Structure formats: structure tokens, C-alpha cells
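> Provided herewith is a single structure, encoded as C-alpha cells, for subsequent inquiry.
The values are calculated or read from the model by the stated rules, or taken from the named source; none is laboratory data. Since we're looking at a predicted model, the values are computed, not measured. No Cβ is skipped: glycine too gets one built from the backbone with ideal geometry, and neighbour counts run over all protein chains shown.
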Amino acid sequence: MEPRQAFGENSATLKKRRIVLHVDMDSFFASVEAREDPSLKGLPVVVGADPKGGRGRGVVSTCSYEAREFGIRSGMPISRAYKLCPQAAFLPVNMALYRRVSARVMRILRRYADKFEQVGLDEAFMDISDRVKGYEEARELASEIKREIGEKERLTCSVGVGPNKFVAKVASDFEKPDGLTVVDPDKVEEFLAPLPVRKIPGVGRKTEMALRKMKVRTIGELAQRDVQSLLARSGRWGRRLGLLARGVDESEVEGRRERRSLGGEHTFEEDTDDVEILHRAVDEISEKLHEVSTKAGYSFKTISLKIRFEDFETHTRSKTLDSPASDLKPIKKVSRNLLKEFLRSGKKVRLVGIRLSNLTRLGKSQKHMEEFF
Ligand code: TTP
Ligand code: MG
């Protein structure tokens, strides 16, 4: 055992230091498309729902790094992407293809880890503590993983290595694309300190703005402050955020439970019975849910709509499809139909919510199918 590891710890409290690796495929959907059609290599490629050569009404799922130079980003309307870069190739989402490729990539990765946790179609955490002696060997293992994926799948990925899942995830994002960042346990705070708080998974625009008001922009500045008092009513999340800022994350690889459902809701500023406003809210929630479920690689079979009326009376109605779906269309259509049934009451609506359930993880259920390709 290295002296540094034993220092200050007696054998009873000596806890094994973990080495965690995080892999994230680079511009996944777009890279798969460019691999299938080499004429797209090196060009701006935009993948999105209903692209219609840039004139469609869908949103960008992802785009190649060449397209990102024009300012195109995931979640942006296709029409806006077209304005930024009309010469880009606009391709529809070919989910069946990405799932097959994802399953093959995951099968490669799984062999390198004792504990393995897939997240969505293009990410995975791996606990490699027992496979390598230290961080130098971890770097070699990471290079080997990148080489194998490059050779077998002709795709690039970015890998982060660190003492926990959080640091590994931030590290894999650090030198994207085709990156490899190893953060030694002694260097964790130094590595995190200059990064913007937004780099912490779970910190969105709202938290970022709230923190900015308190003059906290970087993870280092956050680590210096008492997060609980910075963010009113932050509770457990505030506690966790404080720990993350200091690079502490005890969560285990494989520690995540499978999701049972995925939901979103909207409370109106003013109670409403305006059908157009209600439809707009339903469409927006549908789009957001579709984005999240696509990224996670889920199919769903049941769609539920929740309504809370002005008098707080709350109702839910569901519809189960004949077979699992993953498109935006059924979410919008079913939600709107369910909404119609509620509107007969004549009462004003305070809140509307949608939930997708009966989820299946496509990477998993397709594993056996994939053997036949
Ligand atoms: P990400 O890993 O977030 O993005 P990416 O792989 O395209 O690019 P990079 O990691 O190099 O930054 O998401 C993985 C896939 O999930 C992505 O290729 C497409 C899909 N996705 C959506 O469909 N909608 C989204 O809003 C996002 C962010 C991703
Ligand atoms: Mg990715």
C-alpha cells in the first residue's frame, strides 16, 4: 500500500479509494450518421425530429461539432439551426439505428468494469477500482477503451476518470470531443474550482441565476460558501450541492434505480379555460418529456394527463397504447385527447401535467435482438 493512502487512517477506518470512469459518446446521433454515410464526415450535421431539409418544425436532437461552431445546439428549433447554417445536412432521428449501436458500445464497455451503470444511450459509469492499481493504470485502461470503440465502432468518445461519479462525469466533459481527462484525488478541488457552476449536473439556468445574484459563478466560489443559506428552501439538494462543490460524492456505480415513470407539469400564472393556452402548455410539456425520454433511451406505453382545477380538485386520466412508442406524436396526440375530456367540466384549470409510464429501456430489451444483426 502506498504510504499516502495509509496516512492518518488506521486499518479500521481505511476505506478503499475508488477509481470511477465515465464514458460519454461524442455528438452521438450525429457521429453514428456520419459513420453510416462517410460523405458527411467533417461537415455540419444536424439530427432532429421532422427536419424537412431545415424547414421542418421539430427541434435539434444533436449536431456534429462542425455544426456547433455555427452556434447550433441540442433543443434548438430546426428552423433556427437552418438560419445559423443552411448548408448543414439535416437528418431525421433514426432511433432504431442508435439503439443498436448503443447496445454494441455498451457491450464493449461492460467488459472493462466490475460495476457498470448505463445512463441513457450514450453514457456509462464504470467502477474500475479493482481492475487497476492507480490513476496511471486507469489512464491506460481509458485509452484502451477509446481505442477499442474507435476500432470496432468507428466512433469517438470522451472519458473522465476520478475518485467518484461526479468528478468522473465533469472530467469526461472537460476535453470533449475525443477527450481523456484523469483527475487525481489530490487534484479534485483544483480541477473543479475554476469551472462554472453550470458544469455540475443538476444545476440548470435557474440555479445558475440564483447563485450569480449571490456572486457565485464558479464551483470554487460555491465551495467557499454555505449553500444552504445561499439557496432558500434548497433542502437535500442544497446539501448535496455543497458536497459536490467540494468534490464529494459517495454514490455508488450501479446505485441508480430504474425509473418507473417520467413526468412534467405546468402551473398557470392565472387559472385558465382558454383552449389555445392549454394546448400550448400540453405541447410544451410533451416536447420536454420527449426530449428527456429520447436522451435516456426509453420507450413508453402509458400516457397520463393530470388536471388540477381552480378549486384544487385534481383528476388523472391515462391511456395505454397497444405497443411501446418513443415518438413525440403519440404523447401530444393522446395528451390533447385526454385534455378534451376534462374541458367539458367548464371549470378553469390551475395546473396541467403529463406522465409517461410503463417504461422500457431500449438498450436493455434490445440486447438479445442485437445478436442477430
Ligand atoms: P449528449 O451526450 O448530451 O450529447 P451528444 O452525445 O450529442 O454530444 P456530446 O456528448 O459530444 O456533447 O446526448 C446523447 C444523445 O442524446 C444525443 O446524441 C442525442 C440525444 N439528445 C436528444 O435527443 N435531445 C437532447 O436535448 C440532448 C441533449 C440529447
Ligand atoms: Mg454524448
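> Got a number for residues in region 106-121 being away from ligand 1 (no atom under 16 Å from the Cβ) and either in a loop (DSSP other than H, G, I, E, B) or within 16 Å of the chain's Cα centre (by Cα) (or both)?
Keep residues of region 106-121 that are away from ligand 1 (no atom under 16 Å from the Cβ), which gives 107-108, 110-116.
Add one more test, that the residue is either in a loop (DSSP other than H, G, I, E, B) or within 16 Å of the chain's Cα centre (by Cα) (or both), and what stays is 111-114.
Number of matching residues: 4.
> Here's a follow-up. Do you know which residues across region 69-99 are in a helix (DSSP H, G or I) and either of a type in the set (A, V, I, L, M, F, W, C) or surrounded by 18 or more Cβ atoms within 10 Å (Cβ to Cβ) (or both)? I'd like the intermediate steps shown before the answer.
As a first pass, look at region 69-99 and keep what is in a helix (DSSP H, G or I): 78-84, 95-99.
Answer for region 69-99, where residues must be in a helix (DSSP H, G or I) and either of a type in the set (A, V, I, L, M, F, W, C) or surrounded by 18 or more Cβ atoms within 10 Å (Cβ to Cβ) (or both): I78, A81, Y82, L84, M95, A96, L97, Y98, R99.
> Can you find a residue that is away from ligand 2 (no atom under 16 Å from the Cβ), touching a strand residue (DSSP E or B) at 6+ places or on another chain (Cβ under 8 Å), more than 23 Å from A138 (Cβ to Cβ) and not aliphatic (A, V, I, L, M) anywhere in region 236-243?
First, the residues of region 236-243 that are away from ligand 2 (no atom under 16 Å from the Cβ): 236-243.
Subset that is touching a strand residue (DSSP E or B) at 6+ places or on another chain (Cβ under 8 Å): none.
No, because not a single residue in region 236-243 is away from ligand 2 (no atom under 16 Å from the Cβ), touching a strand residue (DSSP E or B) at 6+ places or on another chain (Cβ under 8 Å), more than 23 Å from A138 (Cβ to Cβ) and not aliphatic (A, V, I, L, M).
> I would also like to ask the following. Does region 174-183 contain any residue that is touching a strand residue (DSSP E or B) at 6+ places or on another chain (Cβ under 9 Å), within 15 Å of P201 (Cβ to Cβ) and either within 16 Å of ligand 2 (Cβ to nearest atom) or among the small types (G, A, S) (or both)?
Yes: region 174-183 contains one or more residues that are touching a strand residue (DSSP E or B) at 6+ places or on another chain (Cβ under 9 Å), within 15 Å of P201 (Cβ to Cβ) and either within 16 Å of ligand 2 (Cβ to nearest atom) or among the small types (G, A, S) (or both).
> Check whether at least one residue in region 1-17 is touching a strand residue (DSSP E or B) at 6+ places or on another chain (Cβ under 7 Å) and either away from ligand 2 (no atom under 15 Å from the Cβ) or modelled with pLDDT of 90 or more (or both), and report yes or no. Spell out the reasoning first.
Filtering region 1-17 down to residues touching a strand residue (DSSP E or B) at 6+ places or on another chain (Cβ under 7 Å) leaves none.
No - not one qualifying residue is present in region 1-17.
> Checking the conditions here, which among L305, L262 is within 16 Å of ligand 1 (Cβ to nearest atom) and either at pLDDT below 95 or in a strand (DSSP E or B) (or both)?
From the options L305, L262, the qualifying one is L262.
> Name the pairs whose Cβ atoms lie under 8 Å apart, with the first residue in region 22-45 and basic (K, R), the second more than 9 Å from ligand 2 (Cβ to nearest atom) and in a helix (DSSP H, G or I), and 6 or more positions between them or separate chains?
Going by the 8 Å Cβ cut-off, the qualifying pairs are R35/E153; K41/A34.
> Here is a further query. Given the options K295, K306, name the one that is surrounded by 15 or more Cβ atoms within 10 Å (Cβ to Cβ) and touching a His at 6+ places or on another chain (Cβ under 9 Å).
Values: K295 fails: touching a His at 6+ places or on another chain (Cβ under 9 Å).
Answer to the check: K306.
> When only residues in region 18-62 that are charged (D, E, K, R) and either at pLDDT 90 or above or within 16 Å of ligand 2 (Cβ to nearest atom) (or both) count, which is surrounded by the most Cβ atoms within 10 Å (Cβ to Cβ)? Break it down into steps so the answer makes sense when it comes.
From region 18-62, those charged (D, E, K, R) are 18, 24, 26, 33, 35-37, 41, 50, 52, 55, 57; that's our starting set.
Retained after the next criterion (residues that are either at pLDDT 90 or above or within 16 Å of ligand 2 (Cβ to nearest atom) (or both)): 18, 24, 26, 33, 35-37, 41.
Working: R18: 20, D24: 20, D26: 18, E33: 23, R35: 15, E36: 13, D37: 11, K41: 12.
Ranking the qualifying residues of region 18-62, first place goes to E33.
> Now a separate question. Can you tell me how many residues in region 317-334 are closer than 30 Å to E123 by Cα and in contact with a helix residue (DSSP H, G or I) (Cβ under 7 Å, 6 or more places away or on another chain)?
The number of residues fulfilling the criteria is 5.
> State whether the residues of region 310-320 include one that is closer than 17 Å to S357 by Cα, surrounded by 14 or more Cβ atoms within 10 Å (Cβ to Cβ) and of a type outside the set (S, T, N, Q).
Yes: region 310-320 contains one or more residues that are closer than 17 Å to S357 by Cα, surrounded by 14 or more Cβ atoms within 10 Å (Cβ to Cβ) and of a type outside the set (S, T, N, Q).
> Is it the case that K295 is in contact (Cβ under 8 Å) with a residue 24 or more places away in the chain and assigned to a helix (DSSP H, G or I)? Step through it out loud before you land on a result.
On the way: in contact (Cβ under 8 Å) with a residue 24 or more places away in the chain: yes; assigned to a helix (DSSP H, G or I): yes.
Yes, satisfied.
> Yes or no: region 325-339 includes at least one residue that is under 30 Å from L109 (Cβ atoms) and either in a helix (DSSP H, G or I) or of a type in the set (A, V, I, L, M, F, W, C) (or both).
Just the residues of region 325-339 that are under 30 Å from L109 (Cβ atoms), to begin with: 325-328.
Add one more test, that the residue is either in a helix (DSSP H, G or I) or of a type in the set (A, V, I, L, M, F, W, C) (or both), and what stays is 325, 328.
Looking through region 325-339, at least one residue is under 30 Å from L109 (Cβ atoms) and either in a helix (DSSP H, G or I) or of a type in the set (A, V, I, L, M, F, W, C) (or both).
> Restricting attention to region 334-357, which residues are out of contact with any Leu (no Cβ under 6 Å at 6 or more places or on another chain), of a type outside the set (S, T, Y) and free of Cβ contacts under 8 Å to residues at least 40 places away in the same chain?
Within region 334-357, V334, N337, K340, E341, F342, R344 qualify.
> Write out, first by first residue and then by second, each pair whose Cβ atoms fall under 7 Å of each other, whose residues are 6+ apart or on separate chains, and whose first residue, in region 134-147, is touching a residue at least 40 places away in the same chain (Cβ under 8 Å) while the second is surrounded by 13 or more Cβ atoms within 10 Å (Cβ to Cβ) and among the aromatic types (F, W, Y).
Correct list of pairs: L141/Y112; I145/Y112.
> Would you mention how many residues in region 113-141 are surrounded by 20 or more Cβ atoms within 10 Å (Cβ to Cβ) and within 25 Å of T62 (Cα to Cα)?
Selection size over region 113-141: 7.
> Filter the helices (runs of 4 or more DSSP H) completely within region 210-255 down to those with at least 2 residues that are touching a residue at least 40 places away in the same chain (Cβ under 8 Å).
Details: elements: 219-224, 227-230, 235-245.
Hits in region 210-255: 235-245.
> Looking at L305, L321, L338, L231, which one is of a type in the set (A, V, I, L, M, F, W, C) and within 30 Å of P196 (Cβ to Cβ)?
On the way: L305 fails: within 30 Å of P196 (Cβ to Cβ); L321 fails: within 30 Å of P196 (Cβ to Cβ); L338 fails: within 30 Å of P196 (Cβ to Cβ).
Step by step, each of L305, L321, L338, L231 is checked, and only L231 is of a type in the set (A, V, I, L, M, F, W, C) and within 30 Å of P196 (Cβ to Cβ).
> Taking region 151-164 only, how many residues are within 17 Å of L244 (Cβ to Cβ) and more than 16 Å from ligand 1 (Cβ to nearest atom)?
3
> Which of the following residues is within 16 Å of ligand 1 (Cβ to nearest atom), under 23 Å from the mean Cα position of the chain (by Cα), in a helix (DSSP H, G or I) and of a type in the set (D, E, K, R): K146, K176?
Working: K176 fails: in a helix (DSSP H, G or I).
Residue meeting the stated conditions: K146.
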